[in-house]
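Asks: Before I ask anything, let me first share the structure, which is written out below as structure tokens.
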Amino acid sequence: VSDVSDIRFEWRGDFGNDEVNELHADAFGGRVFTADEWDWRDLTSRWSLGWVTARSATGALVGFVNVVWDGLVHAWLQDTMVATTSQRVGIGHGLVVGARDGARAAGCEWLHVDFDPELAPFYLDACGFRSTAAGLIALHGNGS
Ligand SMILES: CC(C)(COP(=O)(O)OP(=O)(O)OC[C@H]1O[C@@H](n2cnc3c(N)ncnc32)[C@H](O)[C@@H]1OP(=O)(O)O)[C@@H](O)C(=O)NCCC(=O)NCCS
């Protein structure tokens, strides 16, 4: 994909577990999980406020982001991902805009994300997040 205007973004759009697991392995690296190992449809339908799908003109899933929430006020982006062959054309930005609009329409007051420092230009400059303090504990290993 070379033009974001060819992309259809959809809040809570239909998706299959296999295509999300393939997209996740492509975007983040690592192996392709099976639907039994990582059942995105079940997880998102039960626990997420929503999610955004991005599909090319051929219908291929080229982007996805999960939006989890506290049930009322706060929503969080999780697993923002764009296919490696379709990055840097604005799909990631479109996913975040769709998530922001979906969370706002649901009545949430805040949208959060955390990320590695090298993605600050994406989240802070391109997508409009402001920088804030956050914390993290590794739950396996020595806790740091
Ligand atoms: C991060 C990610 C979602 C961005 O998606 P994308 O579709 O490539 O992003 P966009 O095209 O909307 O980028 C918009 C702008 O953000 C900035 N940007 C995007 N990716 C960037 C990166 N990897 N490093 C620095 N700046 C970046 C650029 O300014 C870009 O504009 P430009 O291409 O004109 O320079 C995508 O690279 C990805 O899936 N990465 C692997 C998975 C991942 O790490 N996800 C984030 C988890 S927190």
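Taken together, the values in this text are just the output of simple stated rules run on the coordinates, not laboratory data. All values reported here derive from a predicted model rather than from experimental measurement. Neighbour counts are summed over all protein chains in view; Cβ atoms, including those assigned to glycine, are modelled from backbone coordinates with ideal geometry.
Asks: Does region 73-85 contain any residue that is within 22 Å of residue 3 (Cα to Cα) and more than 14 Å from the ligand (Cβ to nearest atom)?
Replies: no
Asks: Looking for whichever is surrounded by fewer than 19 Cβ atoms within 10 Å (Cβ to Cβ), farther than 20 Å from residue 14 by Cβ and of a type outside the set (Val, Ile, Thr) here; the options are 130, 100. Which one fits?
Replies: 130 is the lone residue from the list that is surrounded by fewer than 19 Cβ atoms within 10 Å (Cβ to Cβ), farther than 20 Å from residue 14 by Cβ and of a type outside the set (Val, Ile, Thr).
Asks: Scanning for something over 17 Å from residue 7 (Cβ atoms), more than 10 Å from the ligand (Cβ to nearest atom) and aromatic (Phe, Trp, Tyr), does region 126-138 turn up at least one residue?
Replies: yes
Asks: With respect to residue 53, is the statement that it is within 25 Å of residue 2 (Cα to Cα) and more than 9 Å from the ligand (Cβ to nearest atom) true?
Replies: yes
Asks: A follow-up question, please. Here are some conditions: (1) surrounded by 13 or more Cβ atoms within 10 Å (Cβ to Cβ); (2) within 25 Å of residue 135 (Cβ to Cβ). Residue 47 meets all but one. Which one does it not meet?
Replies: Here residue 47 meets the rest and fails (1).
Asks: Sticking with this structure for a sec: Within region 72-95, count every residue that is over 20 Å from residue 49 (Cα atoms), of a type outside the set (A, V, I, L, M, F, W, C) and either in contact (Cβ under 8 Å) with a residue 40 or more places away in the chain or assigned to a helix (DSSP H, G or I) (or both).
Replies: 4
Asks: So the check is Cβ under 8 Å with 6+ separation or different chains; which pairs have a first residue in region 123-134 that's of a type outside the set (Phe, Trp, Tyr) and a second one that's in a loop (DSSP other than H, G, I, E, B)?
Replies: From region 123-134, the pairs are 124/130; 124/131; 134/114.
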